[in-house]
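The structure appears below as structure tokens.
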Amino acid sequence: MMPRSRAAVCAALAAVVLVAAGCRQEQPVWEGPPPTSLAEYGLFVGNGSTQQPTEGVIPYDVNSELFSDYAEKYRFIKLPPGGQAVYHPDEVFDLPVGTILAKTFAIPHDRRDLKQGERLIETRILMHREDGWVGLPYVWNENRTDAKLELAGGTVDVEWIHDDGQRLTNNYIVPNANQCKGCHKSGDRMIPIGPKARHLNRDFAYAGGIENQFQHWEKAGVLARAPAPADAPRLAVWDDPESGTLDERARAWLEINCAHCHHPDGPAANSGLDLMASQTNPTEFGVLKSPVAAGRGSGGLLYDIVPGKPDASILMLRIESTDPDIMMPELGKRLIHEEGVALVREWIAAMEPSPEVEARRPLASEEGRAVARGSAKLRTAADHAD
Amino acid sequence: MGDGTGQSRFPVGMLAVIDTLALSVACVPAQAVEFFWNSIMNNFRADVLAAIVLIAAISVGCQQEETSSGAAPSLVRIEPGADAARRIQEALIQAQPGDTIELAAGRYDFTSTLSLDVRDVTVRGQGHDKTLLTFTGQRQGTGGEGVSITSDGVEIRDLAIEDTQGDALKINGAEDIVVRNVRTEWTGEPQETNGAYGIYPVMCRRVLVEGCIARGASDAGIYVGQSEDVVVRRNSAKENVAGIEIENCTRADVYDNDITGNTGGILVFSLPNLPAGNGSVCRVFDNRVSDNNHRNFAPQGNIVGMVPPGTGIMIMAYDQVEVFDNTIANNQTVNLAILSYLVTEKQFDDSDYDPYCEAIHVHDNRFEGGGDEPQGKLGTVLGALLGGQFPDIAYDGLNDPAKVTDGQLSESLRISIHDNGDADFANLDLENFEPPLKWPTVSRDADPYASPLEPLAPVIWEGLAQ
């Protein structure tokens, strides 16, 4: 009896193991509860410390990138087995359920010589689940052996040698899972920002050589219906004068740093300010536009952008501030992006000054002030009225 | 996950499901299998039973994940103490629709914005004098607001939000929102460095702000912008630049509020270049709007920066506003002003924008004192036209030329002022204020405006408590 019963037990055990394995296998990472460890996504070789992607995980870059306190960023996309992105000329590519986007933020030890290495800070995951996109922050441990899910975000003290040789420090902010939505929300949905034609239309240095990202994705079978790169839109590279005019580069910087909120479906739609590079109405992108709910952010200035006068423009004031109630963007950065700010300043300074600003304003005119002082003429008019 | 530090959770949410799985064989097999194997060695029959139970447990585990979104509503209680801000934020991120997050009495210090983006969640304190959320140490790069709500069906109640860097409570793009018995305050002297708005729903639908207290905002204590179906009632606003501001909304009722000691009491504004378009249909009634003579401490450039200290109620560029049964007293510049956006002298480029007030109906209000010390640029320049004393009701007389026939607005668009006791009135005729070319002729005759307009309908929606 014993052997038989042992066999039965073994069979039962095997069943347990099978069921357990089945339970795992049938549930891809985007269907279960969010992994508590980044390693569970299987995106990177080894413990991920070298950021070397595994098979099927494609690294990519964007033309102009969001400023994140001088962090270097590594972006990756992994489509579900057999899944394909579908090209769109203006909107985010249609990415199937199961798509995982990863962005790792790292602070180089010495910005003048990136070969000296870097400190991995966090990897943000955007995952397309059945019920929509979800954003999850993973924070690397100091030994860079693993990154753990931190839904409430956190802070990390970092230091580095800057481009000018100065040693800088920062209390780097890892946004919480809700703050992910602060930038990634469009209408009622959460969506990725990077995977758009105009951001992705550029070359990338793959292990196998330099290639346009569209062409590479198509060859890999993960992108459908993309036109030739020359026929697709391409945003300027904000710091590469060969990639576009001053206007195009400043608008590119404003789009990637501001337009995720400041567009008609974004979290800052209530401001009426649309900083998408495709916006053609100057009032909509801030020229002589009055602030709406800027509060202290107006800094006592009248308009978002005053052509030719960067120092009279609220936009400049806000991107040059580190005051939490004034600074823009308000999330995900603590430092001022000196180089980007200089570009926007140059752009506003180069605008043709508008004669409309000096248009007749009776209440502010010399005559208006005379009224306030009690001009005899007006007294007479008022008396007549009585 | 913050368990054991004053936080408890019943019965399951996403984390609870993770915990359940972690205890099941499927996800942490080592101990369980060891136990299993040892018991097999000792007692075969029990083992078979155990195996069956385990298999069942595993399959239940798998199913449970799939159905976790249907979990019963739960109550999460959080107490002050170490890491409380983080515990609250985690609870708000992990909340399921229907959940209530209850904050015990005490003080909670935040260094970053507290945000909620899960629908149908209630956040409840023990009273606006007992549960205090303070943001004195708020750091840059973590958001400008104190509390940010972006999901539908949320109720926040019985707590205070103090000393935020930016806005205290911002609710953006949500429906069916209740803000009840909440206090938003900048606790020191009112000053320019205070945040802009206290209670700030914007681009929302069906918003009730009730029983709240707002103090010290450098823009508006209670500001509802670009929203549809709004009720603001039984609140108190003092020592803000604007007590209550309704901006570019459609259908708003503002009643039973006590508005005193602000720069301007109640502002009903329609501004250009906004996605929601022109503001219309607003009833302001049964309010006490008195002694709003505080210096204006709004940063310039903001629209409220031009509101003169001593303004009771100011209606600007709005259509269909009914102001009735209010007590409007001792506002030193003007108790009630009806103005066009043109008086701001600001540029706008918005072909859909209507900068004029139309269909304004002012009746059955009690006016007392006020108008005797006009201040600010608007107050002094226009006050001079009036010989230094504003009437209770001042109207700039600016109308859309396209809508005026024989000098009159049409029957449905006209201004109506009647039954306001002995309140006095002036039409400032700013149409003709073009110094030095043209000078206005002020008219103090209210008779042309005496014919009543139809009353506006109350704002109601299903589920709005009375």
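The values are calculated or read from the model by the stated rules, or taken from the named source; none is laboratory data. Note that the structure is a prediction, hence the values are computed from the model and not measured. All Cβ positions, glycine included, derive from the backbone under ideal geometry; neighbour counts span all protein chains shown.
Considering the stretch A:265-307, and only residues there that are among the acidic types (Asp, Glu) and either under 14 Å from B:PRO275 (Cα atoms) or free of Cβ contacts under 8 Å to residues at least 12 places away in the same chain (or both), the residue that is surrounded by the most Cβ atoms within 10 Å (Cβ to Cβ) turns out to be A:ASP274. In the condition set (1) of a type in the set (A, V, I, L, M); (2) within 14 Å of chain A (Cβ to nearest Cβ); (3) in contact with an Asp or Glu (Cβ under 9 Å, 6 or more places away or on another chain); (4) surrounded by 23 or more Cβ atoms within 10 Å (Cβ to Cβ), B:LEU103 is compliant with all but (2).
Conditions tested, residue by residue: (1) modelled with pLDDT under 95; (2) more than 14 Å from every other protein chain (Cβ to nearest Cβ); (3) out of contact with any His (no Cβ under 6 Å at 6 or more places or on another chain); (4) crowded, with 21+ Cβ neighbours inside 10 Å.
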{"site": "A:GLY117", "(1), (2), (3), (4)": "yes, yes, no, no"}
{"site": "A:LEU126", "(1), (2), (3), (4)": "no, yes, yes, yes"}
{"site": "A:THR145", "(1), (2), (3), (4)": "yes, yes, yes, no"}
{"site": "A:GLU150", "(1), (2), (3), (4)": "yes, no, yes, no"}
{"site": "A:ASP157", "(1), (2), (3), (4)": "yes, no, yes, no"}
{"site": "A:ASN170", "(1), (2), (3), (4)": "yes, no, yes, no"}
{"site": "A:ILE173", "(1), (2), (3), (4)": "yes, no, yes, yes"}
{"site": "A:CYS180", "(1), (2), (3), (4)": "yes, no, yes, yes"}
{"site": "A:GLY187", "(1), (2), (3), (4)": "yes, no, yes, no"}
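Please indicate, with yes or no, whether at least one residue in the stretch B:352-364 is of a type in the set (Asp, Glu), under 22 Å from B:ASN330 (Cβ atoms) and exposed (fewer than 15 other Cβ atoms within 10 Å of the Cβ). So far as the stretch B:352-364 goes, yes, one or more of its residues are of a type in the set (Asp, Glu), under 22 Å from B:ASN330 (Cβ atoms) and exposed (fewer than 15 other Cβ atoms within 10 Å of the Cβ). Any idea which of B:GLY376, B:GLY387 is among the small types (Gly, Ala, Ser), more than 27 Å from A:ASP304 (Cα to Cα) and within 14 Å of chain A (Cβ to nearest Cβ)? Step by step, each of B:GLY376, B:GLY387 is checked, and only B:GLY387 is among the small types (Gly, Ala, Ser), more than 27 Å from A:ASP304 (Cα to Cα) and within 14 Å of chain A (Cβ to nearest Cβ). In the set (1) more than 30 Å from B:ALA450 (Cβ to Cβ); (2) surrounded by fewer than 23 Cβ atoms within 10 Å (Cβ to Cβ); (3) within 14 Å of chain A (Cβ to nearest Cβ); (4) touching a residue at least 12 places away in the same chain (Cβ under 8 Å), B:SER340 fails one condition alone, (1). Residue check: is B:ASP158 under 16 Å from the mean Cα position of the chain (by Cα), within 14 Å of chain A (Cβ to nearest Cβ) and more than 18 Å from A:VAL174 (Cα to Cα)? Considered against the rule, which asks whether it is under 16 Å from the mean Cα position of the chain (by Cα), within 14 Å of chain A (Cβ to nearest Cβ) and more than 18 Å from A:VAL174 (Cα to Cα), B:ASP158 comes out as no.
Checked against the criteria, A:LEU223 does not count as in contact with a Lys or Arg (Cβ under 6 Å, 6 or more places away or on another chain) and crowded, with 16+ Cβ neighbours inside 10 Å. Do we find that B:ILE266 is touching a residue at least 24 places away in the same chain (Cβ under 8 Å) and either basic (Lys, Arg) or closer than 23 Å to B:ILE393 by Cβ (or both) in this structure? In short, yes.
Would you be able to say whether some residue in the stretch A:351-368 is within 43 Å of the chain's Cα centre (by Cα), more than 12 Å from every other protein chain (Cβ to nearest Cβ) and at pLDDT 90 or above? Within the stretch A:351-368 (the criterion being within 43 Å of the chain's Cα centre (by Cα), more than 12 Å from every other protein chain (Cβ to nearest Cβ) and at pLDDT 90 or above), the answer is yes, since at least one residue qualifies.
Matching residues to (1) more than 30 Å from A:ALA177 (Cα to Cα); (2) part of a loop (DSSP other than H, G, I, E, B); (3) at pLDDT below 50; (4) not β-branched (Val, Ile, Thr):
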site	(1), (2), (3), (4)
B:ASP47	yes, no, yes, yes
B:LEU54	yes, no, yes, yes
B:SER59	yes, no, yes, yes
B:ARG77	no, no, no, yes
B:ILE93	no, no, no, no
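Exactly one residue out of A:PHE93, A:PHE67 is hydrophobic (A, V, I, L, M, F, W, C) and within 13 Å of chain B (Cβ to nearest Cβ), and it is A:PHE67.
Against the numbered list (1) in contact (Cβ under 8 Å) with a residue 40 or more places away in the chain; (2) closer than 20 Å to B:ASP400 by Cα, B:GLN347 comes up short only at (1).
Which count do you get for residues in the stretch B:222-242 that are crowded, with 22+ Cβ neighbours inside 10 Å and away from chain A (no Cβ under 13 Å)? So the count comes out to 7. Applying the condition of being of a type in the set (A, V, I, L, M) and out of contact with any Gly (no Cβ under 9 Å at 6 or more places or on another chain) to the stretch B:390-402 and asking which residue is farthest from the other protein chains (Cβ to nearest Cβ) yields B:ALA402. Restricting attention to the stretch B:412-433, the residues that are under 33 Å from the mean Cα position of the chain (by Cα), within 21 Å of B:ASP325 (Cβ to Cβ) and exposed (fewer than 15 other Cβ atoms within 10 Å of the Cβ) total 2.
Restricting attention to the stretch A:274-308 and to residues that are in contact with a Lys or Arg (Cβ under 6 Å, 6 or more places away or on another chain) and assigned to a loop (DSSP other than H, G, I, E, B), the residue that is modelled with the lowest pLDDT turns out to be A:SER290. Pairs are defined by a Cβ separation below 7 Å, a sequence spacing of at least 6 or placement on different chains, a first member in the stretch B:434-460 that is buried (at least 20 other Cβ atoms within 10 Å of the Cβ), and a second member that is part of a loop (DSSP other than H, G, I, E, B) and aromatic (Phe, Trp, Tyr); the pairs so defined are B:PRO440/B:PHE433.
The single condition among (1) surrounded by fewer than 20 Cβ atoms within 10 Å (Cβ to Cβ); (2) modelled with pLDDT of 90 or more that B:ILE315 does not meet is (1). The set of residues in the stretch A:124-139 being over 20 Å from the mean Cα position of the chain (by Cα) and either part of a strand (DSSP E or B) or closer than 18 Å to A:GLN51 by Cα (or both) consists of A:ARG129 alone.
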